[in-house]
1. Neighbouring Cβ atoms within 10 Å as the yardstick, rank A:D288, B:D163, B:D131 fewest first.
2. I need to check one value: relative contact order of chain B, counting alpha carbon pairs closer than 8 Å and at least 6 residues apart, in percent.
3. Using each residue's phi in the range B:199-215, evaluate 6.51 cos²θ - 1.76 cosθ + 1.60 at θ = phi - 60° and report the 3J(HN,Hα) Karplus result to the nearest Hz, with x for Gly and Pro.
4. Please give the direction-averaged projected area of the C-alpha convex hull for chain A, in square nanometres with one decimal.
5. Just flag the trypsin sites (Lys or Arg not before Pro) in the range A:141-195 sitting in loop per DSSP whose Cβ has no more than 10 other Cβ atoms within 10 Å.
6. State, as an integer percentage, the relative contact order of the range A:55-254 based on alpha-carbon contacts under 8 Å between residues 6 or more apart.
7. What is the antiparallel percent of DSSP beta bridges lying wholly in the range A:176-259, to the nearest 5?
8. In a Gaussian network model over chain A where Cα atoms closer than 10 Å are linked, find which of A:S247, A:S62, A:S237 has the largest mean-square fluctuation.
There are 2 protein chains.
Amino acid sequence: MKLWEKNIRVIEPYVPGEQPKVQDVIKLNTNENPYPPAPEVEEAKESFNTDMLRLYPDPDASVLTEELAKFYGLNKENFFVGVGSDDVISVAFQTFFNSDKPILFPNITYSFYCVWADMYRIKYECPKLDDNFKIKAEDYYKENGGVIFPNPNAPTGVLESLDFVEDILRHNQDVIVIVDEAYIDFGGKSAIELLDKYENLLVVQTFSKARSMAGMRIGYAIGNPVLINAMNSVKFSVNSYTMNQTSLFIGSKIISNKKYFEDTLAKIINTREITKEKLKAMGFEFPDSKSNFIFATHKKYAAKDIFEYLKTKKIYVRYFNTPGIDNYLRITIGTDEQMDKLFEALEQYMDK
Amino acid sequence: MKLWEKNIRVIEPYVPGEQPKVQDVIKLNTNENPYPPAPEVEEAKESFNTDMLRLYPDPDASVLTEELAKFYGLNKENFFVGVGSDDVISVAFQTFFNSDKPILFPNITYSFYCVWADMYRIKYECPKLDDNFKIKAEDYYKENGGVIFPNPNAPTGVLESLDFVEDILRHNQDVIVIVDEAYIDFGGKSAIELLDKYENLLVVQTFSKARSMAGMRIGYAIGNPVLINAMNSVKFSVNSYTMNQTSLFIGSKIISNKKYFEDTLAKIINTREITKEKLKAMGFEFPDSKSNFIFATHKKYAAKDIFEYLKTKKIYVRYFNTPGIDNYLRITIGTDEQMDKLFEALEQYMDK
């Protein structure tokens, strides 16, 4: 090692799902939405003035926070926006998790949480899910430096009730509790209605899943202005302008189209329920999912083998080589046509 | 203070220049380019398929690193891209400045450096510029945890020669040396040609200034693959997908148009030289600038008063209320027409 290499930070990063460059792939591996974003995107594209690109964007991203405030019936001061919910949660970790006590999150959950904790040198403990992949509330009653969990959880898809979320909040009023609701629109009840009662609650959502805009990188946190201000101070200590002109302009145009949003959700939920029946009939087992993916295992066939086989058929699902979940596949809900091709390939595999 | 507020990070953020929402403003306060981006942007907009927005972008941003590699005659493994050079430098601070010894940067320089250092709890020392705003190389000969300086420096506009840069490198072979070249294209010689000789050199550039794309948020670092890999590991520990689909697509289309790039630069440099003469004739003093701004002071008139007066005329320049430079204005070079309006307003002010 050369001397100049001595102080280079060495860290094990999060590995995102593949973004295959080959064509004609059925991509069920990163929980993207199979339907295009709301038609307002096309109109926004047409009316976007490219001369705007020479100017820095609004550092406060007001056009987005104002539209979000309208949609949720809250104030713009309740919203922090970032480059996807990953950016938002990363800023939240830096802003809120500065205690000497460990933060708490489930042992099976979004695997970025431990990466951020390592990155920012935050201590953490990971209470085990029960045998049905449910979070055990009582594990979160002890003293801690903060709490974060996704609802529905990922990669399991399991939803906890709003009563459950409130129970966690009731037992954790002296730390910040983050509920990561990336998948909430696919069948859950948002914790947003608890914001009035719990000033220490931060809810995180995203444009990447239900709003079909993973490629635009827009996520947001909803919370009381003390939390939002603190996050903005951290953000402004790293990068003044995180949201580019196109995100601000195009992103702000799609929020008000509630009908398109709800129609798209209804289609995905319908396909998900069909998928559950089909997979069950093929012998798969999975916890009930209220998200846009299913976390499935099969007694007879190894998940890794199925994963590799599907890849040869140009069908990408997600496989985690992680102890405890290494015999599971996380399958994103695509269109009905895409899922039919998946079922066909699975049947072929099992017939072999 | 409520108990849940106890562990919230309190930090003094960087304050960016105003992005006024009023119309018809002459905006000479954030060093934007007065000319629109290359015409390829409009073509890229037309051909951009908005359905792409439902998919996550390529986490490796290959389309950008490949085009940059072609432009500079290097390999894509030599490039790291981020959300503006602020994102790039912030990642570089986290990646490279992990020594117990203080990093070094000039006392008058880009004011984000000390914000990042505070944010990431990096010790720093700030050797004083000399009376002509030049960096004193010998101040950087002592043991340190890393070196960063802009060339040309900001907000002074003062350029150091490549010999000077190499002198700093020769004396700092055991740490990472970052040369922040946001303004290099306006008359300086890039340190890129020293990369072969110094493996510990990282050069940072941006699309925000010379390439008229401040609103797209694209910055990049050029260095040997060991440095670039280490930065990517840190980036992938925070956010897998920082560059959205539009940045990747539109950004990649403008790089090869060298003629438009050089023509725009020539126009700005020409206007800058005229501006120097005009300002001198009005009694302003300033270090010679090789950037797209001039850092000017006047013996008779207080900078703050001029700044406030110009604002009433809807002309925005930058004023820093910082000891040592609080009688200076940083004036971005606009079009000839914009600068004529500035001169007119200044003459009016002085005639009063």
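What follows draws every value from the coordinates through simple rules; no lab data is involved. What you see is a predicted model; the values in this text were computed from it and never measured. FYI the Cβ positions are ideal-geometry reconstructions off the backbone, even for glycines, and counts take in every protein chain you see.
1. Ordered by Cβ neighbours within 10 Å, fewest first: B:D131, B:D163, A:D288.
2. About 23 percent, as a whole number.
3. Residue by residue, the range B:199-215 yields 5, 8, 9, 10, 9, 10, 9, 8, 8, 6, 9, 4, 9, 6, 10, 3, x Hz.
4. In nm², the orientation-averaged hull projection of chain A is 20.2.
5. Those that pass, being in a loop and sparsely packed, number zero.
6. Worked out over the range A:55-254, it gives 28 percent.
7. Counting only bridges with both partners in the range A:176-259, antiparallel ones make up about 50 percent.
8. Evaluated over chain A, the most mobile residue of the options is A:S237.
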